[in-house]
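Encoded as structure tokens, the structure appears first; notes follow it.
The values are calculated or read from the model by the stated rules, or taken from the named source; none is laboratory data. Owing to the predicted nature of the structure, the values given are computational and were not obtained by experimental measurement. Heads up, the Cβs are rebuilt from the backbone with ideal geometry, glycines too, and the neighbour counts pull from every protein chain shown. The accessibility values were calculated without ligands, DNA or RNA, using every heavy atom of the protein model including side chains. Shrake-Rupley method; radii C 1.70, N 1.55, O 1.52, S 1.80 Å.
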Amino acid sequence: MIKLIAADMDGTLIGKNHEIPKENIEAIKAAQKNGIKFAIATGRAYSDVEPFLQKYDLQCDCVVLNGAEYRDVNGDIVEHTYIEKSRVVEILDIMKSKHISIEIYTDDGFYTTNTQEETLEGMIKRSLTFHPELKDEEEIIKFAKNNPHFKSMQYITDINEFIKKDNKIAKFISFAQSEEIINELRKKMEALKGLAVSGSFSNNIEVNHMDAEKGKILAKVAEKLNIRKDEVVVLGDGLNDYSMFTEFENSFAMDNAVNEIKEVAKYITDTNVNFGVAKAIHRILNGEL
């Protein structure tokens with residue numbers, strides 16, 4: 001019997017127009033009524049997930065920051081794995097080599113060593129990744145400037161002072177104009193020991209502690225809840241979902257997933273824009289697994 005379903009957000013749970021389709025919400029709530037626990041598993045920070053929870057009246061646990069934190073239904077952190085402050089300089093040095101805008105996600109907000117102008121350029125790339133429907137240049141810039149990350153960004157002027165701060169670093173993230181830049185950067189980052197290198201999209205890179213992966217933290221929490229691995233189902237589409245697919249046998253790749261995910265998935269469901277999450281959940285509820 002399935003007791004826990006965990007689904008990625010971007011490219012999985014979220015469909016057209018950056019919305020969660022009502023079909024997915026209804027299926028999730030049907031699963032919950034049947035006693036199945038549901039969790040979102042995303043690379044986003046919890047502050048980026050909260051608006052969706054509120055908008056759709058969705059009460060569930062959340063794996064956030066690629067597995068750096070596990071939040072319960074109340075938003076409280078029950079498990080966490082952060083990057084050591086001693087790794088900051090070497091990570092930044094490699095990422096800076098590609099002249100890209102870098103965000104540092106911490107437990108007290110978003111930081112960067114870039115200038116405001118460079119950060120805006122990065123936000124434009126992020127905006128176009130999340131919202132490819134944006135075409136007008138002025139509209140794109142306005143959208144980027146209104147991004148909560150840009151509006152609340154904290155600019156580091158002294159890296160040593162930042163390292164001394166009493167905060168926790170969850171992940172480093174960047175978006176580039178080309179996959180080539182990201183692939184070159186990924187190779188360099190993967191040469192560093194003790195880190196998990198992934199991405200939610202083909203043109204972005206995300207760096208966490210090696211133990212801060214969706215699959216690892218989900219397995220840890222499932223064990224605490226006395227849920228066996230064969231009682232868990234995971235759904236995803238991107239490279240930062242890979243650890244869930246290797247950790248849990250019952251897995252659904254979205255039809256829009258990258259090949260690496262499809263190759264390790266046990267099942268394939270429909271695309272994110274065709275309610276693939278809802279269709280997978282209905283298969284679970286119908287006892288088809």
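So, in region 253-283, of the ones that are open to solvent by less than 20 Å² (accessible area, probe 1.4 Å) and β-branched (Val, Ile, Thr), which residue ends up nearest to residue 200 (Cα to Cα)? So, considering only residues that are open to solvent by less than 20 Å² (accessible area, probe 1.4 Å) and β-branched (Val, Ile, Thr), the one nearest to residue 200 (Cα to Cα) is 261. Within region 93-112, the set of residues being open to solvent by 40 Å² or more (accessible area, probe 1.4 Å), touching a residue at least 40 places away in the same chain (Cβ under 8 Å) and over 20 Å from the mean Cα position of the chain (by Cα) comprises 97, 98. Once region 241-252 is narrowed to residues that are in contact (Cβ under 8 Å) with a residue 40 or more places away in the chain and open to solvent by 10 Å² or more (accessible area, probe 1.4 Å), the residue that is nearest to residue 284 (Cα to Cα) is 250.
The set of residues in region 46-64 being open to solvent by 10 Å² or more (accessible area, probe 1.4 Å) and in contact (Cβ under 8 Å) with a residue 40 or more places away in the chain consists of 47, 48, 52, 61. Go over the candidates 143, 130 one by one and state the one that is modelled with pLDDT under 95, among the aromatic types (Phe, Trp, Tyr) and open to solvent by 70 Å² or more (accessible area, probe 1.4 Å). Sole residue among the options that is modelled with pLDDT under 95, among the aromatic types (Phe, Trp, Tyr) and open to solvent by 70 Å² or more (accessible area, probe 1.4 Å): 143. Only one of the numbered conditions (1) part of a helix (DSSP H, G or I); (2) out of contact with any Ser or Thr (no Cβ under 6 Å at 6 or more places or on another chain) is not met by residue 215, and that is (2). The residue that is most open to solvent (accessible area, probe 1.4 Å), among those in region 65-87 that are part of a strand (DSSP E or B) and either among the aromatic types (Phe, Trp, Tyr) or free of Cβ contacts under 8 Å to residues at least 60 places away in the same chain (or both), is 77.
Yes or no, residue by residue, for (1) in contact with a strand residue (DSSP E or B) (Cβ under 6 Å, 6 or more places away or on another chain); (2) at pLDDT 95 or above:
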{"site": "20", "(1), (2)": "no, yes"}
{"site": "25", "(1), (2)": "no, yes"}
{"site": "43", "(1), (2)": "yes, no"}
{"site": "46", "(1), (2)": "yes, yes"}
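Pairs are defined by a Cβ separation below 6 Å, a sequence spacing of at least 6 or placement on different chains, a first member in region 144-158 that is in a helix (DSSP H, G or I), and a second member that is open to solvent by 70 Å² or more (accessible area, probe 1.4 Å); no pair meets this definition.
Considering only residues that are outside any strand (DSSP E or B) and either crowded, with 20+ Cβ neighbours inside 10 Å or free of Cβ contacts under 8 Å to residues at least 60 places away in the same chain (or both), which ones fall in region 1-16?
2, 8, 9, 11, 12, 13, 14, 15
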